[in-house]
């Protein structure tokens, strides 16, 4: 089984994915507007150039998205966050900083009991992010040391 994250944007999917491609070091492998597809006939003229499907590949993983007209979006992204874990605190700090432009910081990036660097924000596109450096080996089991489980 493979799970992937699929985000819905309010018309700025292309801009968001180009930003994420740069920040996360991935590659956009699909950026398909409604225009020119079978969905074009059912799409309002002002949404023809909006994104029907986008896919960003990052280290063999996929982040997917589309633009959803307000009547189909279900509202803003509230209960989901994209979690990014990287090998080093420096990389976590860089990604957090690059996502922070125009963002609302909900937890500044700092050392925590479960990560050498961890922070949370909602970026200017409305996506919630959790950015952290990988946990030390002794905390690899969801932040609990094996010795503490007995």
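Details
- Lone unmet requirement of (1) at pLDDT below 95; (2) in the same structural domain as residue 2 (by TED's automatic domain parsing); (3) not in a helix (DSSP H, G or I) for residue 57: (1)
- Every test in (1) modelled with pLDDT of 90 or more; (2) in a helix (DSSP H, G or I); (3) over 20 Å from residue 22 (Cβ atoms) is passed by residue 147 save one, and that test is (1).
- Test: residue in region 132-141 that is assigned to a strand (DSSP E or B), at pLDDT 95 or above and under 24 Å from residue 12 (Cβ atoms): no
- Given (1) within 20 Å of the chain's Cα centre (by Cα); (2) at negative phi, number of the condition residue 59 does not satisfy: (2)
- Screening residue 16 on (1) touching a residue at least 60 places away in the same chain (Cβ under 8 Å); (2) surrounded by fewer than 18 Cβ atoms within 10 Å (Cβ to Cβ); (3) not in a strand (DSSP E or B) shows it passes everything except condition (2).
- Subset of region 83-129 (residues that are assigned to a strand (DSSP E or B) and surrounded by fewer than 17 Cβ atoms within 10 Å (Cβ to Cβ)): 83, 85, 104, 105, 106, 107, 108, 110
- Which listed residue, of 29, 86, is under 21 Å from residue 131 (Cβ atoms) and modelled with pLDDT of 95 or more: 86
- Residue check, residue 7 in a loop (DSSP other than H, G, I, E, B) and under 21 Å from residue 129 (Cβ atoms): no
The values are calculated or read from the model by the stated rules, or taken from the named source; none is laboratory data. Not measured: the values here are computed from a predicted model. Note: ideal-geometry Cβ built from the backbone for every residue, glycine included; neighbour counts use all protein chains shown.
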